[in-house]
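**Q** The structure is given below, and queries will be raised subsequently.
The values are calculated or read from the model by the stated rules, or taken from the named source; none is laboratory data. All of these numbers come straight from a predicted model, not from anything done at the bench. Positions of Cβ are generated from backbone atoms using ideal geometry, with glycine treated the same way; all protein chains shown enter the neighbour counts.
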Amino acid sequence: MRNALALGSAPGRLRRDRASPSSAPESQPQQSHFSRVDPKVTTSADSAPRDTRNGSHLKNESHVQILDGGVVNGKSVEAFVPVRRALENGVRINVTDAEIAEALAPSIGRVLHSRDKDWRRLKRRLLLKWRTRRYRRLLSFWRQGTSEKELNYKYEGKWTPTRAFKRIDVSRDQHTPIIWGDRCYLANTAGTKRVHLLYLMDLIAQLHPRSVLEVGSGTGQNLFVLSAQFPGIAFTGLELTAAGVKTARAIASCAKLPDELARFSPRPIRDDTAHRHVEFVEGSGSSLPFPDGSFDLVYTVLALEQMERVREDALREIARVSAGAAAMIEPFRDWNASGIARNRVVAKGYFSARLSDLRSLGLEPLFTDSSLPRKLDFGVGIVVARAN
Ligand SMILES: C[S@@+](CC[C@H](N)C(=O)[O-])C[C@H]1O[C@@H](n2cnc3c(N)ncnc32)[C@H](O)[C@@H]1O
């Protein structure tokens with residue numbers, strides 16, 4: 001059972017976590033006991049298996065950590081009481097296994113076992129591929145990370161409405177090896193993207209932010225789905241590429257939420273016109289064009305991964321423009337420490353920050369979970385932090 005680590009803001013006191021308002025009480029994971037850890041130790045173990053029959057986590061659940069709150073400092077507390085207060089009470093994302101399984105289901109082409117010959121062959125092939133690319137990259141002295149110019153070029157043809165919608169088509173017949181705990185699938189990545197949205201939805205339902213910023217919002221898929229779920233919140237996307245912003249604005253101008261986005265949403269749409277109010281700004285995560293404390297919640301989804309060259313500036317900027325909370329669904333180094341995943345991250349020049357780097361950049365980690373379904377060769381987890 002899960003070794004959840006719950007440290008209250010009052011030092012030395014162990015307490016149970018609050019249930020998320022969006023989670024049905026009967027579907028809450030069972031928590032047998034809580035233990036204390038050194039809040040500085042933020043590394044979490046690999047994905048743990050879950051049981052979808054009753055929505056509860058099985059076996060070792062040490063991949064989830066809730067980290068010490070500490071003191072609120074710096075900014076005016078009055079300006080963002082609800083989010084600050086929610087953070088003080090402790091954040092815990094309670095997406096059930098049943099919800100995750102449901103979100104993934106339409107994306108799955110084939111279920112495999114880790115001992116299957118096919119799966120082991122795939123694993124060997126990936127290891128070879130990324131090890132070769134990693135050493136090729138290191139030998140050629142490529143600079144780590146991708147430049148903003150290269151990213152603009154890369155996405156020019158990719159961030160068109162057609163390709164953006166294809167990317168989120170859960171029935172797409174383009175499969176990649178995905179793992180979730182000890183489960184192995186050949187599935188398309190729209191399924192894992194839906195799970196990211198479930199985590200964000202649960203977090204937003206707990207924090208009640210009035211304004212939310214996504215940094216590296218691409219064509220806006222996350223923001224559109226979230227706005228359809230939380231129509232009262234002011235959502236903004238900041239995106240580097242002109243192509244991404246252009247496509248996102250074109251979608252925002254549709255009278256009704258496009259069917260592709262409605263199908264992509266892991267939960268039924270509440271308001272199919274709210275996407276029209278999402279705003280998009282072109283700019284770089286390394287220098288956000290917003291005043292300090294502009295948003296109650298700032299989040300990223302697989303966008304910091306491409307900001308290795310500006311990693312520290314981007315994290316400092318997230319802390320600066322957040323008035324309360326930050327959430328990052330990203331490949332932190334803690335989750336890509338070795339093996340295929342490490343080779344892939346280095347080969348691609350991806351983000352290599354450690355969770356322990358966040359504190360010095362103005363972000364106090366409160367909660368992490370690395371049990372999300374993910375590509376076999378890429379460790380992704382969520383960290384929720386308080387912006388100090
Ligand atoms: C893999 S895509 C993810 C997009 C979106 N977050 C999603 O989940 O669909 C990464 C995005 O980050 C953007 N990006 C990369 N570097 C950036 C930077 N320095 N500032 C702002 N956006 C950036 C890219 O242009 C791209 O749209």
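**Q** Within region 310-320, is there a residue that is modelled with pLDDT of 95 or more and in contact with a His (Cβ under 7 Å, 6 or more places away or on another chain)?
**A** No, there is no match, as no residue in region 310-320 is modelled with pLDDT of 95 or more and in contact with a His (Cβ under 7 Å, 6 or more places away or on another chain).
**Q** Cβ-Cβ below 9 Å, separation at least six or inter-chain, first residue in region 120-136 and under 18 Å from residue 345 (Cβ atoms), second acidic (Asp, Glu): which pairs?
**A** Here the result reads 123/377; 126/377; 127/377; 129/377; 130/377, each pair linking region 120-136 to a residue that is acidic (Asp, Glu).
**Q** Anything in region 139-180 that is surrounded by 12 or more Cβ atoms within 10 Å (Cβ to Cβ), among the aliphatic types (A, V, I, L, M) and more than 12 Å from the ligand (Cβ to nearest atom)? List them, or say none.
**A** Of everything in region 139-180, those that are surrounded by 12 or more Cβ atoms within 10 Å (Cβ to Cβ), among the aliphatic types (A, V, I, L, M) and more than 12 Å from the ligand (Cβ to nearest atom) turn out to be 170, 178, 179.
**Q** Additional query: Which of (1) away from the ligand (no atom under 16 Å from the Cβ); (2) of a type in the set (Gly, Ala, Ser); (3) within 19 Å of residue 375 (Cα to Cα) is the odd one out, the single condition residue 191 does not satisfy?
**A** Evaluating residue 191 over (1) away from the ligand (no atom under 16 Å from the Cβ); (2) of a type in the set (Gly, Ala, Ser); (3) within 19 Å of residue 375 (Cα to Cα) leaves (1) as the failure.
**Q** Which number in (1) over 20 Å from residue 195 (Cβ atoms); (2) in contact (Cβ under 8 Å) with a residue 12 or more places away in the chain marks the one condition that residue 360 misses?
**A** Every condition holds for residue 360 apart from (2).
**Q** Name every residue in region 205-225 that is surrounded by fewer than 23 Cβ atoms within 10 Å (Cβ to Cβ) and either out of contact with any helix residue (DSSP H, G or I) (no Cβ under 6 Å at 6 or more places or on another chain) or charged (D, E, K, R) (or both), in order of residue number.
**A** 205, 210, 211
**Q** Please enumerate the residues belonging to region 336-379 that are of a type in the set (A, V, I, L, M, F, W, C), out of contact with any Leu (no Cβ under 6 Å at 6 or more places or on another chain) and in a loop (DSSP other than H, G, I, E, B). Full working, then the answer.
**A** If we filter region 336-379 for residues that are of a type in the set (A, V, I, L, M, F, W, C), which is where we start, we get 337, 340-341, 345-347, 351, 353, 355, 358, 361, 363, 366-367, 372, 376, 378.
So of that shortlist, the ones also out of contact with any Leu (no Cβ under 6 Å at 6 or more places or on another chain) come out as 337, 341, 345-347, 353, 355, 358, 363, 367, 372, 376, 378.
The answer is 337, 353, 358, 372, 376, 378.
**Q** Within the bounds of region 96-103, is there any residue that is modelled with pLDDT of 90 or more and part of a loop (DSSP other than H, G, I, E, B)?
**A** Yes, that holds for at least one residue.
**Q** Let me ask something additional. So which residues in region 293-329 are part of a loop (DSSP other than H, G, I, E, B), farther than 12 Å from residue 353 by Cβ and either within 12 Å of the ligand (Cβ to nearest atom) or free of Cβ contacts under 8 Å to residues at least 24 places away in the same chain (or both)?
**A** Passing the criteria: 302, 303.
**Q** Next question, about the same structure. Going through 259, 292 one at a time, which residue ends up being farther than 30 Å from residue 367 by Cα, acidic (Asp, Glu) and surrounded by fewer than 19 Cβ atoms within 10 Å (Cβ to Cβ)?
**A** The unique qualifying residue is 259.
**Q** Of the residues 116, 173, 182, only one is of a type outside the set (Lys, Arg), at pLDDT below 95 and within 13 Å of residue 376 (Cα to Cα); which?
**A** 182
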